[in-house]
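J.: Attaching a single structure in structure tokens format; questions to follow.
The values are calculated or read from the model by the stated rules, or taken from the named source; none is laboratory data. Every value quoted in this text rests on a predicted model; they were computed, and no experiment measured them. Here the Cβ positions follow ideal geometry from the backbone for every residue, glycine too, while neighbour counts run over all protein chains shown. Ligands, DNA and RNA are stripped out before the accessible areas are found, and what is left, the full protein with its side chains, is counted by its heavy atoms. Shrake-Rupley method; radii C 1.70, N 1.55, O 1.52, S 1.80 Å.
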Amino acid sequence: MDFHINELVWTREPAQYSLDKNRIEIVTMPGTDLWQRTYYHFRNDNAPVLQMETAEKYFSFAVKTDFTGSHHRFDQCGIVMYLDSENWLKASVEYENEEFQHLGSVVTNHGYSDWATTSIPASVKTMWYRFSRRDADYCMECSPDGEAFTQMRICHMWEGAESIKFGIYACSPEESSFKAVFTDMQITECMWKAHEGQKPDAE
């Protein structure tokens, strides 16, 4: 499986964007986000998402994000697997203030989101992500240089066992707008290797 930009399809096409063989730019619109139910008691499902579809069960997708223009709380861009409004995952850096940002991931199963984060300096303006699939289980990783990746999240997607859609997204949940830039997109063999540790429990 290879990455071809002409195979990408919009879910909620943004008003401003550009697509090139090796570069994608998305200008976010205010009030756009992906979130479902948990804790905040609201649901947002209007962020632009650009994805390709596959039934391949084992692969990895990597992309470099540049969010130099982010400047307002919750501005974000990153990787996504959007199946439908109630089943998806994403990973990104979310701007918080001039001192720090949230590097994190959200997993949404059957209409309920969770959010796992760690704080990083606000001076960080680029981040690589790698999304890996092993059947219905998924791994999200990040890297400052595209070489050494660190695990962010391993999860199971209840509706993610068959054909899926995956790619990139960008949004600005509050009154903001910025240009998100995506480059160095590639699909490889699954870089999330099979677990060779503890044996499964006997049935």
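J.: Report yes if residue 136 is over 16 Å from the mean Cα position of the chain (by Cα), among the aliphatic types (A, V, I, L, M) and within 23 Å of residue 9 (Cβ to Cβ), otherwise no. It would help to see each step written out before you state the result.
T.: Working: over 16 Å from the mean Cα position of the chain (by Cα): yes; among the aliphatic types (A, V, I, L, M): yes; within 23 Å of residue 9 (Cβ to Cβ): yes.
Taking the combined requirement at face value, the residue satisfies it.
J.: Tally the residues that are under 21 Å from residue 57 (Cα atoms) and of a type in the set (A, V, I, L, M), restricting the search to region 107-149.
T.: Looking only at that region, the number is 3.
J.: Here's a check for you: in region 1-43, which residue that is modelled with pLDDT of 95 or more and under 16 Å from residue 94 (Cβ atoms) is surrounded by the fewest Cβ atoms within 10 Å (Cβ to Cβ)?
T.: The selected residue is 30.
J.: Having 1 or more residues that are under 17 Å from the mean Cα position of the chain (by Cα) is the bar; report the strands (runs of 3 or more DSSP E) wholly within region 1-86 that clear it.
T.: Working: elements: 9-11, 16-20, 23-27, 49-54, 58-66, 76-84.
Ranges flagged: 9-11, 23-27, 49-54, 58-66, 76-84.
J.: Right, another one. Tally the residues that are closer than 20 Å to residue 84 by Cα and open to solvent by 10 Å² or more (accessible area, probe 1.4 Å), restricting the search to region 108-133. Give the steps one after another, and end with the answer.
T.: Taking region 108-133 and keeping what is closer than 20 Å to residue 84 by Cα, we get 108-115, 131-133.
Filter once more, so that each one left must be open to solvent by 10 Å² or more (accessible area, probe 1.4 Å): 109-110, 112, 114-115.
Number of matching residues: 5.
J.: If you don't mind, another one. It is to be established whether one or more residues within region 180-203 are polar (S, T, N, Q), modelled with pLDDT of 95 or more, over 30 Å from residue 2 (Cβ atoms) and surrounded by fewer than 16 Cβ atoms within 10 Å (Cβ to Cβ). Lay out the reasoning, then the answer.
T.: Here is the first cut: in region 180-203, the residues polar (S, T, N, Q) are 183, 186, 188, 198.
Now narrow it down to the ones that are modelled with pLDDT of 95 or more: 183, 186, 188.
Now restrict to residues that are over 30 Å from residue 2 (Cβ atoms): none.
Checked region 180-203: no residue is polar (S, T, N, Q), modelled with pLDDT of 95 or more, over 30 Å from residue 2 (Cβ atoms) and surrounded by fewer than 16 Cβ atoms within 10 Å (Cβ to Cβ).
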